[in-house]
1. Can you tell me how many residues in region 103-126 are touching a Pro at 6+ places or on another chain (Cβ under 9 Å), open to solvent by 20 Å² or more (accessible area, probe 1.4 Å) and assigned to a loop (DSSP other than H, G, I, E, B)?
2. Applying the selection to region 1-21, what residues are open to solvent by less than 90 Å² (accessible area, probe 1.4 Å), out of contact with any strand residue (DSSP E or B) (no Cβ under 9 Å at 6 or more places or on another chain) and modelled with pLDDT of 95 or more?
3. Run Glu220 past the list (1) open to solvent by 30 Å² or more (accessible area, probe 1.4 Å); (2) touching an Asp or Glu at 6+ places or on another chain (Cβ under 8 Å); (3) of a type in the set (D, E, K, R) and report the number of the one that doesn't hold.
4. Does Ser133 count as over 17 Å from Ile225 (Cβ atoms), among the polar types (S, T, N, Q) and in contact with an Asp or Glu (Cβ under 9 Å, 6 or more places away or on another chain)?
5. How do the pairs read when you match residues in region 118-135 that are among the basic types (Lys, Arg) with residues anywhere that are open to solvent by 10 Å² or more (accessible area, probe 1.4 Å), using Cβ under 7 Å and keeping only pairs 6 or more apart or on different chains?
6. Restricting attention to region 392-445, which residues are among the aromatic types (Phe, Trp, Tyr) and open to solvent by less than 50 Å² (accessible area, probe 1.4 Å)?
7. Do you know which of the residues in region 361-390 that are of a type in the set (Gly, Ala, Ser) and open to solvent by less than 10 Å² (accessible area, probe 1.4 Å) is farthest from the chain's Cα centre (by Cα)?
Amino acid sequence: MKTIIEPFRIKAVEPIKFTTASEREHILAEAGYNPFLIKAEDIIIDLLTDSGTSAMSAKQWAGIMDGDESYAGSRSFYRFEEMVKLITGMKYVIPTHQGRAAEKILFSIVGQDGKYIPNNTHFDTTRANIEFSGANAVDLLNEDGKRPEVIADFKGNMDVEKLREFIEATGVEHIPMVMITVTNNSGGGQPVSMQNVKDVRAVCDQYGLPLFIDACRFAENAYFIKKREQGYADRSILSICQEMFSYADGMTMSAKKDALVNIGGFLAMNNENLAMQCRNVLIVTEGFPTYGGLAGRDLEAIAQGLEEILDEDYLHYRIRSVEYLGDKLIEAGVPIMRPTGGHAIYLDAKNFCPHIPVEQYPGQSVAIALYQKGGVRACEIGSVMFGKYDENAQLVPAAMELVRLAIPRRVYTQSHIDYVAEVIIEIFQEREKLKGVKLTYEAPMLRHFTARFAFVD
């Protein structure tokens, strides 16, 4: 059939509070025109993030009730560990309360002044944790991935030649590891091919460097490999995931994405000595190694979510539902990152409102308009999030000016998505009315979370 239906039935509902345009004007002003600072109850459709916003299944809720809350040696930990090892093949599994905690532990050990960690594209918290350790986060995305209008199967791929050149220029002794993010969140949710993972692995082997995967959306990435990469059409999602992780020495994971839970994460690796160091930090900061800052019920829910995310019917629905929104926008002429990724639609703000210069943050302007027009909350991924200042305090803009509309898993229906498309298209049709913004407050790190703005006169 042509209609792709949700592969689940809805068992519980949460009411949505509707606001008027005038109410939203006041709410925006109170929040300093930063969607992060708006109360969730004042949002109609919340596409700020897909992290921790999924709807859990009946079996996950059953696991919540069945969780073993023992401090040490919890039965729920061993079920969680077994599922992680099945998918990843990693020898050592270390639970954490969320993904950035895993990053904090890892980079506090391997990162320090004078170190460099290359990636296809680091996401915001990954970059922040690397830089907080004193190390430098380096992005080596392929050129097609930097051009929203270009249609290519694997725009999340790392530029392997640039990686080799970077290692030669920097020196192996200054590079503790190489990373690959799947899918590439900051680059439009674009997938990474299996061949690219293999090629990066070969470079790492050549120079004796470990390879880690930022695996937040590993199952969505595996689905793209199955559909787009030669030789994988008849493979199961599990076997594709297992192959992908077989080329890595370790991984970080925010379980709040593809593990379909509201909290949780983990580190996994094959190096016994590094695992021991990570567990030592874990005990000080997160908790005992068999709970790592999580309740037993959370570990049960993660284990069940990791099983459910491998369901190809679910992944087909998931990827197609994002593509459905993208198709509507493309038909209306709205510039987006193409092709659509796995978890979000990324508006190309630079071409959405070309009259707003990058120093006036066009992505933030579009995000503000989305809330003002229809109560839709989205996230700027451009020069607010990734812009830097040079020695003359001048803005060095991000490579792209994007607005991410991240779709929570199993939360919204087709009519919700139709509404979002209508809001975006109406704003696009009146885009010349959009105004640039300026920062009135910014924190020294991760400024997009708490920054405040005002319109440029």
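The values are calculated or read from the model by the stated rules, or taken from the named source; none is laboratory data. Treat the numbers as computed from the prediction; the structure is a model and nothing was measured. Note: ideal-geometry Cβ built from the backbone for every residue, glycine included; neighbour counts use all protein chains shown. With ligands, DNA and RNA removed, areas are computed over all heavy atoms of the protein, side chains included. Shrake-Rupley method; radii C 1.70, N 1.55, O 1.52, S 1.80 Å.
1. Here the count works out to 2.
2. Matches in region 1-21: Thr19, Thr20, Ala21.
3. So the condition that Glu220 fails would be (1).
4. Yes, satisfied.
5. What qualifies is Arg127/Ala137.
6. Correct list: Tyr412, Phe428.
7. Gly374
Matching residues to (1) touching a Lys or Arg at 6+ places or on another chain (Cβ under 6 Å); (2) outside any helix (DSSP H, G or I):
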site	(1), (2)
Glu25	no, no
Phe36	no, no
Glu41	yes, no
Ser51	yes, yes
Lys59	no, no
Ile64	yes, no
Glu69	no, yes
Arg79	no, no
